[in-house]
Amino acid sequence: MPQHVMGVEGVYMPLFAIWLAPLVGAIIIWAFGPSLRSWGGPIGCAAIAVSFLATLASWNDATRQTVAGATTLVGAHQSLVTWAKGFNVGLLWDPLSLTWVLIITGIGFLIHFYSMGYMAGDKGYARFFAYMNFFVFAMLTLVLSDNFVGLLIGWGLVGLASFFLIGFWYERPSAVAAATKAFVMNVVGDVGILFAIFIIVAVVGSISYADAFAGAAAHKFSPSLLYLACLMLFVGCAAKSAQVPLHSWLPDAMEGPTPVSALIHAATMVTAGVYLIARCWPLWQGSADARELVGIIGGVTALLGAILGVAQWDIKRILAYSTMSQIGYMIMAVGVGAYDAGVLHFFTHAWFKAQLFLTAGLIIHALNNEQDVRLMGGLRTRQPFAFWSMTIATLSICGVPPLAGFFSKDAVVYDTLLRGHPELYAVGVLTAGITAYYMFRMIFITFFGEYRGDVDPSNLGIRHPEFAGTPAVAEHAHEGFDEHEHHTPVWLMVAPVAVLWIGTIFAGFLNVGGDSSPWHKLLEPVFGAAISYPEGTAPVSELISSAIVLAVVILGVAIAYVRYGNAGALRDAISRLREETVWMPAILVHLFYFDLAIDALLVRPSRALGFLFGQLVDPLVIDGTVREARVSAVWLGHLFRSFQTGLVRAYALTIVFGAAAFIVYYAIVAVH
Amino acid sequence: MQVAVANYIALSAIIFMIGVGGVVARRNPLIMLMGIELMWNAANLAFIAYAKAYMSNAGHVFAFLVITVAAAEAAIGLAIIVIVFRRAENVDVDDVAVLKG
């Protein structure tokens, strides 16, 4: 695969506008934040809007195909800097980056818009928009880069931005802890990618995608080295996309403001791992072992996330585990080689998950920052818009036809079967059922029955409010209960959610039509033959598979209805919820002890090592060396100072003796 | 009668060592300058002797170069000495040690 040299000559302004508009917005708001105050929001929105419009304007260039010699090239390329041979840095604009940029800037704009309502009155209002714009810039850097180093830079900046945003309410210790946890886990991923870059540069001598993929196609990598490179890249994916065992930062990251959860933890950042694998598919095509591993980890994550979602009481944590589970689906898809299905699921998921989070934000905002579903209930009549919005998005995530989630999830699940992974198919179907169960559990508890907000939490078995996800400090005090009584203009928050309905309902139709669907046509130039449907390898047809999935989903909904939705359950909801809270299995409450295991296996040994170095190695070895070097320097200075007398004749004598020594030396050499 | 090159070189070495002795042993800068002058001349003698022995003009060229440089050096040296004398009312090179870095 040769380097893109066509498409765009010179400086391609729209691409720079897409890339840099959010950065400009962030800098302006950062620099003038205190004096901008209420203008921070509109400026932040405008920056993303510019980026989005530039994306639409350059759509054709992303999908343009050019024939150069024997190969067909797709998209456009903008070179930026050449450091050395093989170290060209540039921007790549092709259908895959287009897909991501559309979501980042499009849904990102809606979330910015929503934030103007949600964050109104917060004392960090301007700072919030600076961080959000900076995050979008970092994400665009990641997606638009044409080389691994640019990717890593974007990857790291995204981690930094998420650190800012998760820890936005820095007065809360829990938010700071969550931000730190997310950052540290993400850095683990950064290091993984760094090692992958070392391997790639060592083998092909270049950091650009094109050279690396050409090297993989030409079998320059030995199988074990390619496997290692993929493995290292996957460490990055696992950290960023919250795959087992690096997943535990994602639920904690719900400490950030709700729009942050929608932007970072649903629509963009956590799907960067999917992007990385989809972008580097030629590497994965070369290593079947690596694909196997990715598929298995994706399946495990999908299932584990769903199981943990069952046990959550915090509305945002339920959504966080569903995110983890859905990303497991995407990773599973790209792991079995169904790259287009994985990217499609990213695309539809961005819509309905953003809608879920933003709707949850509507509820949390109206309930004065209450996040525990046990203290909700009966919101169907109080917030009808939130109810319908949440229901539509939930039906979409459960995969009910003809909503968006149905098409993408079915594509993922069926593709695992088509590509010969029946065990992953089983996991996919099972996870779909559990997803339907816990999502409808949330719907029933939140929206049906009686309102429980005025019930004493201890009656519901809530003993430790700080562990139940209730904010320890109210972020911004609101008066009143009903959303119509709020001082913020509610339409600012309702309008973006209403726009998201469109994608949540219709986005999946892009995939109708198999090999001739718009989606397939868009991505085929990127993935080539890798995504063509293999013929007749599945034991059941796609229609039967869809029916199986749907049946399992209906079963999940039915169980949720029996447990939480029917008249009996709704009547004595309080006692049932208390019972469930008390009898929740410890293994679920403690999230399969993953944090405990990481603490025991990694954190404690690291601390011990750090203590060893801090107490022994550093003071003795390092400090000792430095001290000795200082003493030696002083001694040498004393020695040479005595030579510097200023007596000219002494100098002359020294020179004479020196010259004499030379003469004697050469005389001896000449004699021998 | 033909004189061997080695004799010229020996004479040159002797003159050079006298010059070195003058520079190292005396405190009067004028005497030191004269010692340096002797060393230059010893070098010139060696150049000319070799030039004659090997029938090469390079030695003559270098000798002229040395004469020029020696003249310049004497001029600068004398100027420095005059200035030092104006300041210190005597000329002892060891007193110039106050200029050490």
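Here are some notes:
- Criterion: over 13 Å from the mean Cα position of the chain (by Cα) and either more than 13 Å from chain A (Cβ to nearest Cβ) or over 14 Å from B:Ile67 (Cβ atoms) (or both) - qualifying residue of B:Val3, B:Val20: B:Val3
- Residue count for segment A:255-296, restricted to those that are under 24 Å from A:Leu602 (Cα atoms), modelled with pLDDT of 90 or more and surrounded by 23 or more Cβ atoms within 10 Å (Cβ to Cβ): 2
- If you go through segment B:23-46 and keep only what is within 13 Å of chain A (Cβ to nearest Cβ) and charged (D, E, K, R), you end up with B:Arg26, B:Arg27.
- With respect to the stated conditions, A:Leu602 is free of Cβ contacts under 8 Å to residues at least 24 places away in the same chain, under 29 Å from A:Gly305 (Cβ atoms) and hydrophobic (A, V, I, L, M, F, W, C).
- Test: residue in segment A:78-100 that is in contact with a strand residue (DSSP E or B) (Cβ under 9 Å, 6 or more places away or on another chain), in a helix (DSSP H, G or I) and surrounded by fewer than 23 Cβ atoms within 10 Å (Cβ to Cβ): yes
- Members of segment B:23-46 found to be part of a helix (DSSP H, G or I) and without any contact (Cβ under 8 Å) to a residue 12 or more places away in the chain, listed by number: B:Val24, B:Ala25, B:Ile31
- Hey, A:Ala629 assigned to a helix (DSSP H, G or I), surrounded by fewer than 11 Cβ atoms within 10 Å (Cβ to Cβ) and more than 14 Å from chain B (Cβ to nearest Cβ) or not: yes
- Count of segment A:145-193 residues, restricted to those that are farther than 20 Å from A:His265 by Cα, surrounded by fewer than 17 Cβ atoms within 10 Å (Cβ to Cβ) and hydrophobic (A, V, I, L, M, F, W, C), is 1.
- Segment A:380-402 - residue that is within 19 Å of A:Ala306 (Cβ to Cβ) and in contact (Cβ under 8 Å) with a residue 60 or more places away in the chain and, of those, surrounded by the fewest Cβ atoms within 10 Å (Cβ to Cβ): A:Val400
- Take the conditions (1) under 22 Å from the mean Cα position of the chain (by Cα); (2) among the hydrophobic types (A, V, I, L, M, F, W, C); (3) buried (at least 20 other Cβ atoms within 10 Å of the Cβ); A:Ala54 misses just one of them, which is (1).
- Any hit, segment A:415-431, residues being touching a helix residue (DSSP H, G or I) at 6+ places or on another chain (Cβ under 7 Å), crowded, with 24+ Cβ neighbours inside 10 Å, touching a residue at least 40 places away in the same chain (Cβ under 8 Å) and charged (D, E, K, R): yes
- The residues on offer are B:Ala53, B:Ala49, B:Ala58, and the sole one that is surrounded by fewer than 12 Cβ atoms within 10 Å (Cβ to Cβ) and either more than 23 Å from A:Ala650 (Cβ to Cβ) or within 11 Å of chain A (Cβ to nearest Cβ) (or both) is B:Ala58.
- Qualifying residue in segment A:192-199 (condition: closer than 26 Å to A:Leu591 by Cβ and touching a helix residue (DSSP H, G or I) at 6+ places or on another chain (Cβ under 8 Å)): yes
- Output for segment A:239-266, where each listed residue is in a helix (DSSP H, G or I) and over 10 Å from the mean Cα position of the chain (by Cα): A:Trp249, A:Pro251, A:Asp252, A:Ala253, A:Met254, A:Glu255, A:Thr258, A:Pro259, A:Val260, A:Ser261, A:Ala262
Residues are listed down the side, and each one gets a yes or a no for (1) at pLDDT 90 or above; (2) surrounded by 13 or more Cβ atoms within 10 Å (Cβ to Cβ); (3) in a helix (DSSP H, G or I); (4) not β-branched (Val, Ile, Thr):
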position	(1), (2), (3), (4)
A:Pro496	yes, yes, yes, yes
A:Leu500	yes, yes, yes, yes
A:Asp515	no, no, yes, yes
A:Leu522	no, yes, yes, yes
A:Val526	no, yes, yes, no
A:Ala530	no, yes, yes, yes
A:Pro534	no, no, no, yes
A:Pro539	no, no, no, yes
A:Ala560	yes, yes, yes, yes
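- B:Ile15 meets the conditions (1) of a type outside the set (Gly, Ala, Ser); (2) more than 21 Å from A:Phe657 (Cβ to Cβ); (3) more than 14 Å from every other protein chain (Cβ to nearest Cβ) in every case but one. The failed one is (2).
- Against the criterion of being surrounded by fewer than 15 Cβ atoms within 10 Å (Cβ to Cβ) and modelled with pLDDT under 95, B:Val23 does not qualify.
- Just one of (1) assigned to a helix (DSSP H, G or I); (2) among the hydroxyl-bearing types (Ser, Thr, Tyr); (3) free of Cβ contacts under 8 Å to residues at least 24 places away in the same chain fails for A:Tyr170. It is (1).
- In segment A:417-438, the residues that are in a helix (DSSP H, G or I) and over 25 Å from A:Ala311 (Cβ atoms): A:Leu417, A:Leu418, A:Pro422, A:Tyr425
- Complete set of residues in segment A:204-223 that are in a helix (DSSP H, G or I), within 17 Å of A:Val149 (Cα to Cα) and out of contact with any helix residue (DSSP H, G or I) (no Cβ under 6 Å at 6 or more places or on another chain): A:Tyr209, A:Ala210
- Screening segment B:81-101 for residues that are β-branched (Val, Ile, Thr) and within 11 Å of chain A (Cβ to nearest Cβ) and picking the one that is farthest from the chain's Cα centre (by Cα) gives B:Val98.
- Residue tally, condition within 14 Å of chain B (Cβ to nearest Cβ) and either part of a helix (DSSP H, G or I) or in contact with an Asp or Glu (Cβ under 8 Å, 6 or more places away or on another chain) (or both), over segment A:632-656: 13
- Of all residues in segment A:141-188, those that are polar (S, T, N, Q) and under 13 Å from the mean Cα position of the chain (by Cα) total 2.
- Scanning segment A:361-381 turns up no residue that is within 15 Å of A:Ala278 (Cβ to Cβ) and among the acidic types (Asp, Glu).
- Qualifying residue in segment A:603-622 (condition: among the aliphatic types (A, V, I, L, M), under 20 Å from A:Pro251 (Cα atoms) and assigned to a helix (DSSP H, G or I)): yes
- Restricting segment A:450-463 to residues that are among the small types (Gly, Ala, Ser) and under 16 Å from A:Thr581 (Cβ atoms) leaves a set whose member that is farthest from the chain's Cα centre (by Cα) is A:Ser458.
- Filtered residues of segment A:567-582 (kept if surrounded by 14 or more Cβ atoms within 10 Å (Cβ to Cβ) and under 22 Å from A:Thr391 (Cα atoms)): A:Ala569, A:Leu570, A:Ala573, A:Leu577
The values are calculated or read from the model by the stated rules, or taken from the named source; none is laboratory data. Predicted model only: the values in this text are computed from it and were never measured. Reconstructed Cβ throughout: ideal geometry from the backbone, glycine too, with neighbour counts over all protein chains shown.
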